[in-house]
1. Rounded to the nearest percent, how much of the accessible area of segment 48-102 (1.4 Å probe, protein heavy atoms only) is carbon and sulfur?
2. Of the listed values [x] 21.8; [y] 17.8; [z] 23.6, identify the label whose number matches mean projected area of the Cα convex hull in nm² calculated from this model.
3. Can you figure out the FRET efficiency of His308 with Glu64, using R₀ = 22 Å and their beta-carbon distance, to the nearest 0.05?
4. Once each part is reduced to its C-alpha centroid, what is the distance from segment 205-226 to segment 261-306 in angstrom?
5. Name the most mobile residue of Arg183, Arg286, Arg93, meaning the one with the largest mean-square fluctuation, in a Gaussian network model of the chain with Cα contacts below 10 Å.
6. Set the Förster distance to 25 Å, then compute FRET efficiency between Glu208 and Ser239 from the Cβ-Cβ distance, nearest 0.05.
7. Taking all protein chains as present, what is the carbon and sulfur share of the accessible area of segment 179-323, in % to the nearest whole number, probe 1.4 Å?
8. Pick from Lys275, Lys142, Lys99 the residue whose mean-square fluctuation is largest in a GNM of the chain, springs joining Cα atoms under 10 Å.
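The values are calculated or read from the model by the stated rules, or taken from the named source; none is laboratory data. These figures come from a predicted structure and were not determined experimentally. Here Cβ is always computed from backbone atoms with ideal geometry, including for glycine, and neighbour counts include all displayed protein chains. What goes into the accessible areas is simple: the full protein's heavy atoms, side chains included, and nothing from ligands, DNA or RNA. Shrake-Rupley method; radii C 1.70, N 1.55, O 1.52, S 1.80 Å.
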Amino acid sequence: MLLTICTIRQLPQALALGDTLNQFTATGQTESILIGLADDPAHLPPGFVSAYPILPIGELLPTEQLVALSAKYTPTEFAAACKPLFIAEAFRRYPAIDKLIYADPNIHFLSSLAPVLDRLDTADILLIPFITKNLVNGPTDKAWPDEKFFQNIGLYSSDFLAFRRSAETDRLLAWWDNRVRERAFINYCEGLCLDQIWLMHVPVMFQEVAIVKNPGWHIGLWNLHERSIQQQSGNWQASGPGGLKEPVLFVNFKGILNPNEGFFPYQNRVRISEKPELMTLLANYRQVIARHQTLPFAAINPAYGQQHEPPIVRGWRYATIKSMKAVTSFLDRVQIPVIN
């Protein structure tokens with residue numbers, strides 16, 4: 001089974017995700033796909049009919065818990081706080097499903113998920129690190145993001161995860177759900193970053209965890225500097241550290257399709273315009289999404305997550321904020337004499 005979680009505004013991407021997956025299934029077969037809706041289905045556009053079953057968050061939480069969760073989080077934080085709950089519920093509602101894959105709606109599949117399912121024959125939990133090699137050789141450079149930033153957001157991406165039904169998976173989901181209900185904020189000073197930061201503990205605290213470093217899995221804005229992708233005979237391949245080529249399983253377009261999404265709005269390690277192969281993939285992805293944008297999804301604000309998303313500022317505003325932070329950092333280091 002494939003599970004994704006989205007708001008109504010993100011439904012075109014979620015539906016496109018299902019479409020790209022079904023391109024790589026056997027003729028006459030349809031993958032089991034479930035859309036977890038972190039939103040109120042009463043706000044769906046009139047006439048909308050989903051090709052895939054939708055599970056609203058309102059069916060998983062009592063009203064008082066739903067209201068309380070919504071009141072303290074932004075829409076992004078709210079969806080993250082509900083992720084373990086959606087995954088556990090999918091296992092509960094579909095008892096015949098032994099393997100479950102979670103994928104962010106910004107993901108675009110380029111080949112079959114069979115390799116993921118095969119890895120779950122010998123592992124209960126699959127994690128994929130953001131980066132798999134040193135960002136620089138020698139002294140730290142000035143490019144961003146740097147390795148320190150991944151210690152703020154987490155070493156493993158929560159945009160793609162895979163689980164095998166087991167007691168260990170149940171134990172993980174219960175632990176994870178307990179943490180993110182109260183601590184799914186984006187607050188680097190408090191050591192918090194959505195549901196993702198908690199994944200750093202998983203390889204230590206749980207058994208049967210596999211960390212996948214395949215360069216063809218989960219290509220995104222954060223690792224394009226260490227990987228090259230090319231199309232050969234109609235198939236996409238990626239090469240990473242060591243130069244070994246692997247089939248591209250999927251690309252995550254978060255931050256590429258919309259630069260205001262994700263954790264890398266100011267990254268300067270990669271110039272997307274200088275990667276024509278990525279621009280080709282992005283154009284294809286936009287075409288798939290466009291098939292589902294006939295209704296006014298983008299105009300529908302999320303019903304849950306009452307706190308405002310922090311704005312992305314650029315240009316002189318961003319430069320001013322950086323200057324102010326530099327001043328306050330300087331003042332923090334300077335001992336100012338006390339005058340009685």
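1. 59
2. [x]
3. 0.45
4. The two parts, judged by their Cα centres, are 21 Å apart.
5. Sorting by GNM fluctuation, first place goes to Arg93.
6. Step by step, r from the Cβ atoms, then E = 0.30.
7. 51
8. Residue with maximal mean-square fluctuation among Lys275, Lys142, Lys99: Lys142.
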